[in-house]
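The values are calculated or read from the model by the stated rules, or taken from the named source; none is laboratory data. As the structure is a prediction and not an experimental result, all values here were calculated from the model. Cβ atoms come from the backbone with ideal geometry, glycine included; neighbour counts cover every protein chain shown. To get the accessible areas, we keep the full protein, side chains included, count just its heavy atoms, and leave off ligands, DNA and RNA. Shrake-Rupley method; radii C 1.70, N 1.55, O 1.52, S 1.80 Å.
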Amino acid sequence: MIINTLSVIIPAYNEERTIHLILNKVKAVELISGIQKEVIIVNDCSKDDTEGAILRYKEANPDLPISYFKHDVNKGKGAALHTGIAKATGEYLIIQDADLEYDPDEYNDLLKPVVNGFADVVYGSRFMGSNPHRILFFWHTIGNRWLTFASNMFSNLNLTDMETCYKLFNTKMLQGITLTEKRFGFEPEVTIKMSRIPHIRIYEVGISYYGRTYYEGKKIGWKDGVRAIYCILKYGLFKAN
């Protein structure tokens, strides 16, 4: 498949300190095969000056195509992704958090299986390969691995990192399924629903991970893990739409 444009979906909530830094990285990366970028930022009703930081960056960098949208009330990361996915026009799209935990320099690693004609979906795994990984929370790692295992049971995939941010999708395929989870339940829902598309080709590549502590702004917590378990059962066992 020929890819002309990659849509970069960035959900943002209270990221005024880092949004310009991640946008600099997105701007700097040169994609393989002459692929162009469109950046879609969805501000999920931030309480800080995330909006001002985005608009200032957009004005100062007219050579980077940025589309900006915002929610009038906070709806959750999943809801921000729904908005961004609906607005994407590139043949493929990738999810990019507004913090600095994931490195846009690795977009090409995820694109290669697609450009070479092998994949429709590519996940970036924090648990495979020899790339740098910040050492942080033991129980988070155990939780991520358990949730991935449970998701694999129902999706019949052998992913190593279902909860990863870096997910590269065929845009039309993703826009063709109904997504309902408004928070971090997005991850198991989209994984299980995509796995049911006939003949879909899902790949996984190793990526770096520069994780944050809660002091540095990390937002996901144990309640999100409980919701993820619920979503795995809801969309996997009961096959809810």
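Quick notes on this structure:
- Computed in the context of the full set of protein chains, the accessible area of the chain at 1.4 Å probe radius has 56% of its extent on carbon or sulfur.
- Listed residue pairs exceeding 28 Å between alpha carbons, taken from Lys37/Lys234; Lys25/Lys47; Lys47/Lys182: Lys37/Lys234
- Judged by the mean number of other Cβ atoms found within 10 Å, the most tightly packed of the peptides 100-109, 51-60 leads the ranking 100-109, 51-60.
- Cα gyration tensor of region 1-86 - equivalent ellipsoid semi-axes, whole Å, descending: 23, 16, 9
- Only Lys, Arg (+1) and Asp, Glu (-1) charged, at Cβ; region 14-157 dipole about Cα centre in debye: 300 debye
- Residue-normalised accessible area of the chain, given per residue in Å² at a 1.4 Å probe: 48 Å²
- Its Kirkwood hydrodynamic radius, worked out from the mean inverse distance over all distinct Cα pairs, puts the chain at 18.0 Å.
- Figure note: Met162, Met173 ranked by solvent-accessible area, largest first, 1.4 Å probe, ligands and nucleic acids not counted: Met173, Met162.
- Per residue of the chain, the DSSP helices (runs of n ≥ 4 H) give a summed -39500 (n - 2.57) that works out to -10500 deg cm²/dmol at 222 nm.
- The residues packed around Val121, meaning those with a beta-carbon under 11 Å from its beta-carbon, carry a net charge of 0 if Lys and Arg are +1 and Asp and Glu are -1.
- A simple spin-label model places the labels of Glu30 and Asn156 4.4 nm from each other, with each point 7 Å out along Cα-to-Cβ.
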